[in-house]
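The values are calculated or read from the model by the stated rules, or taken from the named source; none is laboratory data. As the structure is a computational prediction, the values presented were derived from the model and not from experiment. Cβ sites come from the backbone with ideal geometry, for glycine too, and all protein chains shown count toward neighbours.
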Amino acid sequence: MDTVEIVVATDEASSAPIPPSMGPEPRPRGLRGFHPGWYGAVMGTAVIGIIAITNPGSNPAFTTSARVVAQTMTIAAMALGALLLVTYLARFVRYPRESVADLTDPTTGALYGTLPGGILVIAASLAAVGPTWWPSSTVQTLVAVLDWIGIPLAFAISVLFAYELFTRAELMPESVNGGWFIPPVVNIVVPLVIAPLIPFASPTAANSMLVVSYGFFGMGILLYLVILTMLFHRLALHALPHAALAPSLWIGLGPIGVGSLALMKLAAAGGALEGTAGPSVALISKIAATILWGFGAWWFAIAVVLLLRYLRAGSLPYGIGWWGFTFPLGAYTVATVAIAQAWSLRWLSWTGAGLLVLLALFWLTVSVRTVHALSVGEL
């Protein structure tokens, strides 16, 4: 993407610096070097709208301002998404070789998952915020259209990226990075954008939608666990990733947050279809979601202390990967608010409000740095 400074980071077991060769190669400028992870900005923006509409903390004084923030961020995400989609398509037409090369690269390939991810998160944002603008039928239509675009693309990219990994002649353990979580998390987002449509479908269609949703949840969560094992091995037995990849470690929060929320949303949407088993499914889903959310608290702590360690070693080189700080934290924040509501815990709801403030600080920092990079020609 851009030429970045090389920042030295050290392994816990050794004082030897991470070799500069492990850092990302400088990308060409302009459309030719357009980064495949740009749609992470769409995901990180739209998720704030999803959180804000829930009014974390449930303070009546913030109801109006929360709705305004939610609407503003949803509009911003849609506008940014439309602009970037044109740029993605233009690059594929103008520079197909470079576009395909990024897709087959173990570092950048997974970032193409942000494209369907952004489309689906906009759909989720419209499902949550859209009713403040339009009637239910209009919201359903918009969500369904985005689903038909985003869901097949999410599945295709996850399969294609895995195929490229499996068929490479050689892949070093150091190639594993948090960006590999993106295809799994996008598959887990699928249930969140199907669930709002289930209550309005016929019983037969609703059953099929519920089955597809659980299928995508299983696909995403199991892929997440496989990659989590690989990343844990890589972090424990090898030097930490180059500083430019530090934000990717936060992406591990994404599948946790989205997975927790998906379980509860599917239980609620499928309650009418499950008959007398509905309450039991809801309870099991709530417990499973809470267990997953608990692991997220551990991962959040790890992500924070590792970030502090990188900062002590030197400043983080800016890159589009900085948007990896936003959506994963946003997903975990949404899950925290949902868990608080499910267990009727006021303190946890306020914890969600605190996470939203932290997310807003991350979003503002990354947005300002991105605008600055654009203005001085770094991107």
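A few notes on this one:
- Residue check, LYS265 within 21 Å of GLY118 (Cβ to Cβ), out of contact with any strand residue (DSSP E or B) (no Cβ under 7 Å at 6 or more places or on another chain) and either touching a residue at least 12 places away in the same chain (Cβ under 8 Å) or buried (at least 16 other Cβ atoms within 10 Å of the Cβ) (or both): yes
- The single condition from (1) out of contact with any Leu (no Cβ under 7 Å at 6 or more places or on another chain); (2) closer than 19 Å to MET209 by Cα that ALA154 fails is (1).
- Counting only helices (runs of 4 or more DSSP H) that sit wholly inside region 181-286, those with at least 3 residues that are within 23 Å of GLY40 (Cα to Cα) and aromatic (Phe, Trp, Tyr) are 203-237.
- Scope region 166-180; condition in contact with a Ser or Thr (Cβ under 9 Å, 6 or more places away or on another chain) and in a helix (DSSP H, G or I); matching residues: SER175, GLY178, GLY179, TRP180
- Number of the exception - LEU223 against (1) crowded, with 23+ Cβ neighbours inside 10 Å; (2) in contact (Cβ under 8 Å) with a residue 60 or more places away in the chain; (3) within 17 Å of the chain's Cα centre (by Cα): (1)
- Selection within region 258-315 - of a type in the set (A, V, I, L, M, F, W, C) and under 23 Å from SER202 (Cα atoms): ALA262, LEU263, MET264, LEU266, ALA267, ALA268, ALA269, ALA272, LEU273, ALA277, VAL281, ALA282
- Which numbered condition GLY150 misses (of (1) within 26 Å of VAL69 (Cβ to Cβ); (2) of a type outside the set (A, V, I, L, M, F, W, C); (3) more than 17 Å from the chain's Cα centre (by Cα)): (3)
- Residue ID - modelled with the lowest pLDDT, chosen from residues in region 144-194 that are of a type in the set (Gly, Ala, Ser) and surrounded by 15 or more Cβ atoms within 10 Å (Cβ to Cβ): SER175
- Positions within region 282-317 being buried (at least 19 other Cβ atoms within 10 Å of the Cβ), among the hydroxyl-bearing types (Ser, Thr, Tyr) and in contact (Cβ under 8 Å) with a residue 24 or more places away in the chain, in sequence order: TYR310
- For the residues SER99, SER125, the requirement of being in contact with a Lys or Arg (Cβ under 9 Å, 6 or more places away or on another chain) and among the hydroxyl-bearing types (Ser, Thr, Tyr) singles out SER99.
- ALA246 vs. criteria more than 18 Å from the chain's Cα centre (by Cα) and either surrounded by fewer than 21 Cβ atoms within 10 Å (Cβ to Cβ) or within 24 Å of TYR332 (Cα to Cα) (or both): no
- Meeting the requirement of 1 or more residues that are of a type in the set (Asp, Glu), the helices (runs of 4 or more DSSP H) wholly within region 20-121 are 96-103.
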